[in-house]
Structure formats: C-alpha cells, structure tokens
Amino acid sequence: MATTDKTHTNAHSAKPAKPALLAGGNPQIPKGYGDAPVQAYIAAMPGWKQDVGRRLDRLIIAAVPGVKKAVKWNSPFYGIEDNVWRLSFHCFTKYVRVAFFRGADLTPPPPGASTQKHVRYLDIREGDAIDEAQLADWVRQASRLPGEKI
C-alpha cells in the first residue's frame, strides 16, 4: 500500500500569493522603499488600471530622473528626498487618482479639488486620453515645490 506525504511541497510549483485587493480594487502591498514595492503595486493593479500605473511610473521617472519611490498606505509615493513626497496615486473603483500634495501651487492646477488646502487631484478613468505633456509638466513643477513628510 502506497502512502503520500502531504507535507511535502515542491518549491518550483509554488506561486507567490497575489496581493489582496482592497476597496475599489486597490492592491494591498506592504510598506516599502524603492522601486520593487512600487512595481509590485503596479503589477497587482487590476485590469486597465495596471496600464495606467505603468504609464504614470514611466512618465514620473522620465520627468524627474533619480526620483525616490515608496509604497505607503497601499499607494505608490514619489519624491526627491528620502521620506519627502510630492505625489502619489491610488486605485478607486472607477478611476486611478493622482494626488499632487502641493497641487494648488501648480500652473494650471490639476482639476480635482481636495478638502486639504494645497492638495489637488487628477482622476484617470478607463478610456480617458491622458495629456502626458501636461502631466509631465505637473510632475516637474511638483518636484521643485516643497514636499510632504508623510
């Protein structure tokens, strides 16, 4: 009579667990600094939002070479100095929200108002044409403004 060892796991067949999706399809990614956690977040973004995340990340890197990255509160953050952030993005059910922490000081300011005095938003919905030139200009402007220690 043959027996099977149920405790043996083949390491080559084990797949890493997919991150949980929180409300609105926002990936739950552990806090971390550098490119790796940001890429993990982008890879876990659902559906069309993943393409938006890739475009945003590439655009930010091109606009601000040497940009610092982190994932905090299940969102990618971008800045110039360590732990001082200029912008982030986050998945919601019907859009990806780009938050500029000093967006009210950008020219022209991004269209989305916030309850916080200086914060402005850009919401990107499925199928929206992204004005990459304007977005890159906002990112460059934001890189020259004071950041937020979050």
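The values are calculated or read from the model by the stated rules, or taken from the named source; none is laboratory data. Remember, predicted model here, so these are calculated numbers, not experimental data. Counting neighbours? That spans all protein chains shown, and the Cβs are built from the backbone with ideal geometry, glycine included. When the accessible area is computed, the model is the full protein with side chains, heavy atoms only, and any ligands, DNA or RNA have been set aside. Shrake-Rupley method; radii C 1.70, N 1.55, O 1.52, S 1.80 Å.
Which numbered condition in (1) modelled with pLDDT of 90 or more; (2) polar (S, T, N, Q); (3) open to solvent by 60 Å² or more (accessible area, probe 1.4 Å) is the only one that Asn10 fails? Result: Asn10 fails condition (1) only. Determine whether Glu126 is within 19 Å of Arg55 (Cβ to Cβ) and open to solvent by 40 Å² or more (accessible area, probe 1.4 Å). Criteria met by Glu126. What's the number of the only condition in (1) in a loop (DSSP other than H, G, I, E, B); (2) open to solvent by 30 Å² or more (accessible area, probe 1.4 Å) that Pro110 fails to meet? Checking Pro110 against (1) in a loop (DSSP other than H, G, I, E, B); (2) open to solvent by 30 Å² or more (accessible area, probe 1.4 Å), the one that fails is (2). Farther than 21 Å from Leu145 by Cα and either open to solvent by 20 Å² or more (accessible area, probe 1.4 Å) or modelled with pLDDT of 95 or more (or both), is that true of Tyr33? Against the criterion (farther than 21 Å from Leu145 by Cα and either open to solvent by 20 Å² or more (accessible area, probe 1.4 Å) or modelled with pLDDT of 95 or more (or both)), Tyr33 qualifies. Look at the range 25-52: where a residue is at negative phi and in a helix (DSSP H, G or I) and a partner is among the acidic types (Asp, Glu) and surrounded by fewer than 15 Cβ atoms within 10 Å (Cβ to Cβ), sitting 6+ places away or on another chain with Cβ atoms under 9 Å, you get Trp48/Glu126; Lys49/Glu126; Val52/Glu126; Val52/Asp128. Tell me the residue from Ala104, Ala142 that is touching a His at 6+ places or on another chain (Cβ under 6 Å) and farther than 21 Å from Gln39 by Cα, please. Just a single option satisfies the conditions, and that option is Ala104.
Quick check on my filter: what residues within the range 129-139 are over 17 Å from the mean Cα position of the chain (by Cα) and surrounded by 12 or more Cβ atoms within 10 Å (Cβ to Cβ)?
To start, the set of residues in the range 129-139 that are over 17 Å from the mean Cα position of the chain (by Cα) comprises 129, 131, 133-134, 137.
If the condition is that a residue be over 17 Å from the mean Cα position of the chain (by Cα) and surrounded by 12 or more Cβ atoms within 10 Å (Cβ to Cβ), then Gln134, Asp137 are the ones that fit.
Among the residues making up the range 80-114, those that are acidic (Asp, Glu) and at pLDDT below 95 are Glu81, Asp82.
For Ala104, state whether it is open to solvent by less than 20 Å² (accessible area, probe 1.4 Å) and either assigned to a strand (DSSP E or B) or closer than 20 Å to Glu148 by Cβ (or both). Judged against the criteria, Ala104 is not a match.
In the range 83-94, is there at least one residue being part of a strand (DSSP E or B) and either over 27 Å from Leu21 (Cα atoms) or among the polar types (S, T, N, Q) (or both)? Within the range 83-94, one or more residues are part of a strand (DSSP E or B) and either over 27 Å from Leu21 (Cα atoms) or among the polar types (S, T, N, Q) (or both). Residues in the range 37-78 that are farther than 15 Å from Ala142 by Cα and among the small types (Gly, Ala, Ser) were compared, and the one that is surrounded by the most Cβ atoms within 10 Å (Cβ to Cβ) is Gly53.
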